[in-house]
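One structure is given below, encoded as structure tokens.
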């Protein structure tokens, strides 16, 4: 199994530009999480999908952030427009179910907004 | 609401010392799961252990051991005879239906 695959690994963009982060979960997993990691705030849960449906998006910081999961093998996290304070490492993780089972993480996308 | 507290921000030890990383959690659910993850300098998050709320047995895996006490809402992690390769950030996490992490403890093991 290839594990959770995130792309790109690194992204540098200018303030105001749209950024799209991509995630392919492990095949057979039906839960998907997007996290943001910063020095100040640690690992924050942004949104959680179960069976492709967003269950909890209370962690999405503001309307500039949106996430979709059009099918069981693909999810995107979009920031539009991006701001320097969005600079962080964004992790995608998947698991067999939402609770009680370990989540497997991708390598992360390091986003820098200049 | 669920919450995980890792009060130790950074710990530094000398190789071969034992070290315990503390984790305290809050939840209103009776069924929940606790986890520990390791984040080495390379940045990936590596799963270490899972515990459910009905299983308070301590667990030992090599140099690693975990102490789960519901009475104090704690799930502490001990590394025995630490090694330089143990240097990493360690996260405790709580799962009811999703998974939320503590702030992490940065462990540095010096030779």
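The values are calculated or read from the model by the stated rules, or taken from the named source; none is laboratory data. Just so it is clear, the structure is predicted and the values come from calculations on it, not from any experiment. Cβ atoms come from the backbone with ideal geometry, glycine included; neighbour counts cover every protein chain shown.
Would you be able to tell me the number of residues in the stretch A:26-59 that are within 11 Å of chain B (Cβ to nearest Cβ), out of contact with any strand residue (DSSP E or B) (no Cβ under 6 Å at 6 or more places or on another chain) and touching a residue at least 60 places away in the same chain (Cβ under 8 Å)?
The total comes to 0.
Which strands (runs of 3 or more DSSP E) does the stretch A:32-96 wholly contain that include 1 or more residues that are crowded, with 20+ Cβ neighbours inside 10 Å?
A:42-50, A:65-71, A:74-79, A:88-95
Which of the residues belonging to the stretch A:97-114 are modelled with pLDDT of 95 or more and assigned to a loop (DSSP other than H, G, I, E, B)?
If the condition is that a residue be modelled with pLDDT of 95 or more and assigned to a loop (DSSP other than H, G, I, E, B), then A:106, A:107, A:108, A:114 are the ones that fit.
Would you check if residue A:76 is closer than 15 Å to residue A:19 by Cα, under 14 Å from the mean Cα position of the chain (by Cα) and within 14 Å of chain B (Cβ to nearest Cβ)?
no
Please find, among B:69, B:39, B:83, the residue that is touching a strand residue (DSSP E or B) at 6+ places or on another chain (Cβ under 9 Å) and free of Cβ contacts under 8 Å to residues at least 60 places away in the same chain.
B:69 is the lone residue from the list that is touching a strand residue (DSSP E or B) at 6+ places or on another chain (Cβ under 9 Å) and free of Cβ contacts under 8 Å to residues at least 60 places away in the same chain.
Hey, among the residues in the stretch B:11-43 that are under 16 Å from the mean Cα position of the chain (by Cα) and at the interface with another protein chain (Cβ under 9 Å from one of its Cβ atoms), which one's nearest to residue A:90 (Cα to Cα)?
B:39
From B:48, B:107, which residue is within 30 Å of residue A:110 (Cα to Cα), facing chain A (nearest Cβ under 10 Å) and either touching a strand residue (DSSP E or B) at 6+ places or on another chain (Cβ under 7 Å) or not in a loop (DSSP other than H, G, I, E, B) (or both)?
When all the criteria are applied, what remains is B:48.
How many residues are under 14 Å from the mean Cα position of the chain (by Cα) and either crowded, with 16+ Cβ neighbours inside 10 Å or not in a loop (DSSP other than H, G, I, E, B) (or both) when one looks only at the stretch A:1-25?
Result for the stretch A:1-25: 13.
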